[in-house]
1. Among DSSP beta bridges lying fully in the chain, give the percent that are antiparallel, nearest 5.
2. Are any of the pairs 205/273; 632/721; 632/761; 286/515; 552/636; 6/69 more than 26 Å apart by Cα-Cα distance, and if so, which?
3. Quick check on the exposure proxy: order 143, 763, 120 from fewest to most C-beta atoms within 10 angstrom.
4. Can you give me the C-alpha center-to-center distance between the range 704-763 and the range 33-107, rounded to a whole angstrom?
5. Of all beta bridges DSSP finds with both residues in the range 65-212, what is the antiparallel percent, to the nearest 5?
6. Once you order the gyration tensor axes a ≥ b ≥ c over the Cα atoms, which shape class does the range 549-762 get: rounded for a/c under 1.5, otherwise prolate or oblate by comparing a/b with b/c?
7. At most 14 other C-beta atoms within 10 Å and a DSSP loop state: those are the exposed GluC sites (Glu not before Pro) I care about. Give me the longest piece of the chain that has none.
8. Evaluate the distance, in nm, between pseudo-label points positioned 7 Å from the Cα of residue 335 and of residue 205 along their respective Cα→Cβ axes.
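Values quoted throughout were computed directly from the atomic coordinates according to the rules given, and no laboratory measurement underlies them. All values derive from a computational prediction rather than experimental measurement. Counting neighbours? That spans all protein chains shown, and the Cβs are built from the backbone with ideal geometry, glycine included.
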Amino acid sequence: MIELYKQGIFLVNGTDIVADPEQFSALGVHLSGAKDLLELKEQAVRGTMAWGILESHNVSGNMDQLQLKFDSMTSHDITYVGIIQTARASGMTEFPLPYVLTNCHNSLCAVGGTINEDDHKFALSAARRYGGIYVPPNMGNIHSVNRELMAGCGRMILGSDSHTRYGAIGTMAVGEGGGELAKQLVGRTYDFARPQVIAVYLTGKPRPGVGPHDVALSIVGAVYKNGYVKNKVMEFVGPGIANLSMEYRNAIDVMTTETTCWSSIWVTDVKTKEYLTMCGRPEDYKELKPAVCAWYDGCVYIDLSTIECTIAMPMHPSNTFTIKEVQENAEDILASVQDAANKQLKGAQMDLLSKIGPDGGIWVEQGEIAGCSGGTFESICAAADILRGKSIGNGAFSLSIYPGSLPAYSQLLKNGCALDLVQAGALMRECFCGPCFGAGDTPANGELSIRHTTRNFPNREGSKPGEGQIAAVALMDARSIAATAANGGRLTAATDLDVDYRTYEEALDMAIYEKRVYNGWGSADPATELQFGPNIKDWPEMPALTDDLLVKICSYITDAVTTTDELIPSGETSSYRSNPERLSEFALSRRDPQYVPRSKVLRAAERNRRAGKGLTDEIKAVYEALEKAGLKTDPKGTDIGSAIYANCPGDGSAREQAASCQRVMGGSANFARSYATKRYRSNCINWGMTPFLVEDPSVFDLDDYIFVPGLRQAILEGAQKIAAYAVKPDGSVKEFAVSTGALTEPEKHIIVDGCLINYYKEH
């Protein structure tokens, strides 16, 4: 059972939920009236764990407008080159805080020749030059490494990966775009209005066979679509936490990203202390718990004993059903999911109904247990318990397992679980994040893959619908994936099997890290030369915003939500992420292949304008229409750019390339009803693209031009409403209002200066 409270609640003594003030009397607390209640709430707001951690990291002196400095940062090999290049261009000479550079995303991709390993060499040289921490390829995925080496109670960690979540270890961690990390590297702050805090109250104990992904997916299914925790902190409390191991907690926690929350934090206890001691850092433990009375802006109440084995069907982690539901209503559910997916896909169409066999069962072709969510020691051991002495068969079904870190892998070798899995027919792979984003174990055309990974967004499995390639991913817990494997690929819930789950000693051999990880924190060597491969390029010049702006809508997307994977595909594009110009060619390539050629026309027009070469006939006609409508224009001094419209863009990954590729391709603005995540909106701002909000997008369409006079001044003055004008192909002009939402003072200047790099040069 999962229940969402319709109002805020008090939590008393860490166990008692008080939704009605009259309940206080039963707890021995007597309130004389509304004033007492208000005073109690003002005090109780400060009683959350989140408040205490935020307060200790805030340098603004104002808890309503936070300016945060983090204890450490982390990036992987899709993002660190761009971040370091941005910080270098902004004046960085040394890493001012520990910065962990992992190599877990581009460590197996063969696309592009030598360029992946070139990035790794660049990172090692940067760690030496600036004083960073370098983790060689395939030693661990980014989040397993940071759990084991960096997370500690009361800390804050900023990462350039959206699943930067270490709340179960008492660390408030935040996944953001590269620009926010670059700010920390040049001594600036992370500026953010204090978020609301939602209690996630756990009670009960999961049944055998129900794993952390079952709990996590159930939570995502309950809160994603209604935005219950969007941009808020999820604070895990309640007696049920004591019934969960640390590995179980970590695997739930990392999936909080899929709720669109901002960060997470958990009560810590003796199990947290034991975990940090196992990692060789007992001094990093301290008890965290809410005050005697704490106020939460909402509550997600979860009875763990009621959670069932769960599956998230394509194409989102919130598209959840119990496995039992799917088994009993296979034709109806698969038809509904298939139809919804095919309305979103452009090109090849998904066929899920073909997965129903003659026996009425659902048959899948691939299983994956991987990464920061699935590749945990405990989940892999549970999979081994299910498959011990069995066979996955010699049919179409295959099973691959990617442990989260080499210390965990080492223990799986010692306790025999790795051998049990291999003898059953599973493949033990490297510590690699590829199955999460379409760069590892890509299924064949038409196949259905079940994965204990973080996401099943469109194309995450390697699909290229426009080229006739389509596959599908459903998310499940490792236990049910192993149960399905034991049945040769017939979809099976782990609770349907009678399994003797063993208890294993989890002992991490941290000497593995000591032998290979380069730790240069505190000992930067400025004499070290950065090692550049031929694909590592500097960011191109970004022009400052002119007084007025003219953009053409080069993509118009009406889907309810547009993911970052659709804005810039993952998978084979990863190898080009150190080359801004080359990567920008992939912008929206799977969602709207015409975006790049349309945007290139506008980019060329802007470059010609700046070079004094005049305007195209089409743009001249736009200005004539504006003049005819009575508007004053300055064609020679007005930016020309491309823009996209999407109802709600930016769900998913933190990677800044979702925005920077638009900018490099000539993008000047986005128009949206809302932005799916803070991090994507921040990425747009940090790359100098105005994040417009529009109430009625029907006033313009694809290929319309939009003119925004006086935009520079409006942004600097914080205008609530800004007049914009849509110019139709027939020359008609329609006025409408846009806004930018709340902007901090630095954000205003970043936009008008053209990007974060320019801002630091100017200020």
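1. Here the antiparallel bridges make up roughly 40 percent for the chain.
2. 632/761; 286/515; 6/69
3. Details: 143 33, 763 10, 120 21.
Lowest to highest Cβ neighbour count: 763, 120, 143.
4. 28 Å
5. 30 percent
6. Cα axes put the range 549-762 in the rounded bin.
7. Longest run free of exposed loop sites: 288-504.
8. 4.3 nm
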